[in-house]
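S.K.: Structure in structure tokens, see below.
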Amino acid sequence: MWLAVVLGVVPLLMWLFWQWNNVWYELITTNLRSSEGGTNLPPGHMGIPIIGEMFTFLWYFKFLRRPDDYINSKRRKSVNQPEALRRIAATVQARMISALESWAKRRVITSYKEIKKVTFENMGMFFASFEPGHTLDMLDEYFVGLVNGVRSYPINLPGFAYYHGLQCRKKAVSIFKEELKKRKNNIENGSSESVKDLMDGLMMLKDEEGGRLSDMEIVDNIVSVLIGGYESITLATMWAVYYLAKYPKVLQKLRDENMCLKSSKNEQFVTSDEILKMKYTMKVVDETIRMANISPFIFRTTTKDVTYKGHTIPKGWNVLLWIRYLHTSPENFIDPLCFNPDRWDVSMAPETYQVFGGGSRICAGNMLARVQVAIFLYHLSTRYKWELVNPDAKIKYLSNPKPEDGAEIIIEKLDL
Ligand code: HEM
């Protein structure tokens, strides 16, 4: 009987104690139930009754003396959104692998141009399930015009980049609207409503009153996210290729980590769980994005007159935060122009690392970007070697920072 108590009742009571708060809110408290059933509470463990998470908190703060790991352990569980990670990992890899193979066959390629192609294909798939082909090629062309328009002087007359950008936007919008119409017809005809990409997700989104987004809101969201996303991922990936070619010791360390992972599995694809284990690779990604300074500044518009250090900033002015300065200042980073992923062994103070902006307008695609670059580096480093054709190529900073030759490389398969 004692054995039964020890093996059965005690663990059951302990489990109940551990889960009490979750059980209480999810099963017993009925006024939190959503119309679809379930409570729809934020994910995560609520701690034990009365004490909450105090023991875990003290464990990290008092005994381990690693206060940042307390919140990081939670961020790993919930902020990284495993489902989103899984979806990214499953969507992007096939195209990356086949692109790398084709590059090695051609031997000399311009990384910026080629990475852009594969990134756009992945984004097209991720956002609206567009397979490579005519539609995607047209969209690619329209987005080039659109991005140039965004950066141009706003003269809305034929012959100017701004005018051309607006025309490109109209054409891109009509492609997405057409796709949206097709999907709505399918739903009316009884096809299932499972979410497979961003467009589906936006179509199903409901606000508190059950209202859905209008067609134009859905399309606007997709166009904005694509503008924000595809050039920036391209640049981040290109800079990783560039810096790794220039810093062979870093490349070796990255390759060691990824080779170790590769040899422990049979699958060609890296899984979302494995990405979370690619610690050094993520440091390389963060260091690349710090050094690349893809967005040199962010800005906010004043909504009223603001007094700052005795000066008045009038309502409607733009206040620039020069984030490039934060990332290249010796006040924040030792030897800031040296590509050193090991500096990420310790967490950076948030105010010193703002590559994705901050506050409520923080970059919506920061995880997508970081994960895509990491997955790309996994495949690149475990199967290929490469070198820059022009290691001393000058860097141009407009419209975006990149080597003048677009980081041309010679790429070959590794002799394994
Ligand atoms: C390394 C890659 C990227 C960098 C460095 C970057 C950087 C930034 C920065 C600095 C901002 C401004 C944030 C602010 O004002 O506080 C921003 C905003 C934004 N980014 Fe990114 N981004 C990247 C990738 C992406 C990707 C992949 C997507 C889309 C999938 C994306 C979508 C957006 C959107 C939609 C916003 C506007 C957010 C808002 O205003 O609410 N970005 N990004």
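S.K.: Among the residues that make up region 198-215, is at least one of them touching a residue at least 60 places away in the same chain (Cβ under 8 Å) and surrounded by 11 or more Cβ atoms within 10 Å (Cβ to Cβ)? Show your work before the answer.
M.R.: Within region 198-215, the subset touching a residue at least 60 places away in the same chain (Cβ under 8 Å) is 198-199.
Then drop every residue that is not surrounded by 11 or more Cβ atoms within 10 Å (Cβ to Cβ), which leaves 198-199.
Yes; the residues of region 198-215 include at least one that is touching a residue at least 60 places away in the same chain (Cβ under 8 Å) and surrounded by 11 or more Cβ atoms within 10 Å (Cβ to Cβ).
S.K.: What pairs come up if the first residue lies in region 1-13 and is within 23 Å of Val23 (Cβ to Cβ), the second is acidic (Asp, Glu) and assigned to a helix (DSSP H, G or I), and their beta carbons are under 8 Å apart, counting only those six or more places apart or on different chains?
M.R.: none
S.K.: Is region 328-343 home to any residue that is within 15 Å of the ligand (Cβ to nearest atom), among the hydroxyl-bearing types (Ser, Thr, Tyr), more than 30 Å from Asp415 (Cα to Cα) and exposed (fewer than 12 other Cβ atoms within 10 Å of the Cβ)? Quick ask: steps written out before the conclusion?
M.R.: Looking only at region 328-343, we keep the residues that are within 15 Å of the ligand (Cβ to nearest atom), and these are 328.
Keeping just the survivors that are among the hydroxyl-bearing types (Ser, Thr, Tyr) gives 328.
Okay, now just the ones that are also more than 30 Å from Asp415 (Cα to Cα), so 328.
Add one more test, that the residue is exposed (fewer than 12 other Cβ atoms within 10 Å of the Cβ), and what stays is none.
No, region 328-343 has no match at all.
S.K.: Further question: Looking only at residues that are more than 16 Å from Met291 (Cα to Cα) and crowded, with 19+ Cβ neighbours inside 10 Å in region 224-250, which one is nearest to the ligand (Cβ to nearest atom)?
M.R.: Here is the first cut: in region 224-250, the ones more than 16 Å from Met291 (Cα to Cα) are 224-231, 248-249.
In the following step, the residues that additionally are crowded, with 19+ Cβ neighbours inside 10 Å were identified as 226, 229-231.
Numbers: Leu226: 7, Gly229: 3, Tyr230: 7, Glu231: 9 Å.
Checked region 224-250; the qualifying residue nearest to the ligand (Cβ to nearest atom) is Gly229.
S.K.: Can I ask one more? Would you confirm whether or not region 307-318 contains a residue that is within 16 Å of the ligand (Cβ to nearest atom), surrounded by fewer than 17 Cβ atoms within 10 Å (Cβ to Cβ) and β-branched (Val, Ile, Thr)?
M.R.: no
S.K.: For residues in region 188-197 being free of Cβ contacts under 8 Å to residues at least 40 places away in the same chain and surrounded by 10 or more Cβ atoms within 10 Å (Cβ to Cβ), which is farthest from the ligand (Cβ to nearest atom)?
M.R.: As a first pass, look at region 188-197 and keep what is free of Cβ contacts under 8 Å to residues at least 40 places away in the same chain: 188-195.
Remaining after also requiring surrounded by 10 or more Cβ atoms within 10 Å (Cβ to Cβ): 191, 193, 195.
On the way: Ser191: 26, Glu193: 23, Val195: 16 Å.
Among those residues, the one meeting the criterion is Ser191.
S.K.: Look through region 257-284, keep the residues that are among the charged types (D, E, K, R) and within 18 Å of Trp344 (Cα to Cα), and return whichever of them is modelled with the lowest pLDDT. If you could, list the steps in order and put the result at the bottom.
M.R.: Here is the first cut: in region 257-284, the ones among the charged types (D, E, K, R) are 257, 262, 265, 267, 273-274, 277, 279, 283.
Narrowing the set further to residues that are within 18 Å of Trp344 (Cα to Cα) leaves 257, 277, 279, 283.
Numbers: Glu257: 97, Lys277: 89, Lys279: 94, Lys283: 97.
The residue in question is Lys277.
S.K.: When you scan region 100-123, how many residues do you find that are among the small types (Gly, Ala, Ser) and crowded, with 20+ Cβ neighbours inside 10 Å? Let's see the steps before the verdict.
M.R.: Filtering region 100-123 down to residues among the small types (Gly, Ala, Ser) leaves 102, 104, 111.
Subset that is crowded, with 20+ Cβ neighbours inside 10 Å: 111.
Residues meeting the conditions: 1.
S.K.: Can you name the residue in region 266-292 that is assigned to a helix (DSSP H, G or I) and of a type in the set (Asp, Glu) and is also nearest to the ligand (Cβ to nearest atom) among such residues?
M.R.: Just the residues of region 266-292 that are assigned to a helix (DSSP H, G or I), to begin with: 272-277, 279-292.
Adding the requirement that they be of a type in the set (Asp, Glu) leaves 273-274, 286-287.
On the way: Asp273: 22, Glu274: 21, Asp286: 10, Glu287: 12 Å.
Going through the qualifying residues, I end up with Asp286.
S.K.: Would you mind telling me which numbered condition in (1) surrounded by 12 or more Cβ atoms within 10 Å (Cβ to Cβ); (2) more than 16 Å from the ligand (Cβ to nearest atom) Ser263 fails?
M.R.: (1)
S.K.: Moving on to the next point. Check off (1) assigned to a loop (DSSP other than H, G, I, E, B); (2) touching a Pro at 6+ places or on another chain (Cβ under 9 Å); (3) within 15 Å of the ligand (Cβ to nearest atom) for Ser295 and give me the number that stays unchecked.
M.R.: It is condition (2) that Ser295 fails.
The values are calculated or read from the model by the stated rules, or taken from the named source; none is laboratory data. Worth saying up front: this structure is predicted, and the values here are computed from it rather than measured. Don't worry about glycine lacking a Cβ; one is built from the backbone with ideal geometry, like all the others, and counts go over all protein chains shown.
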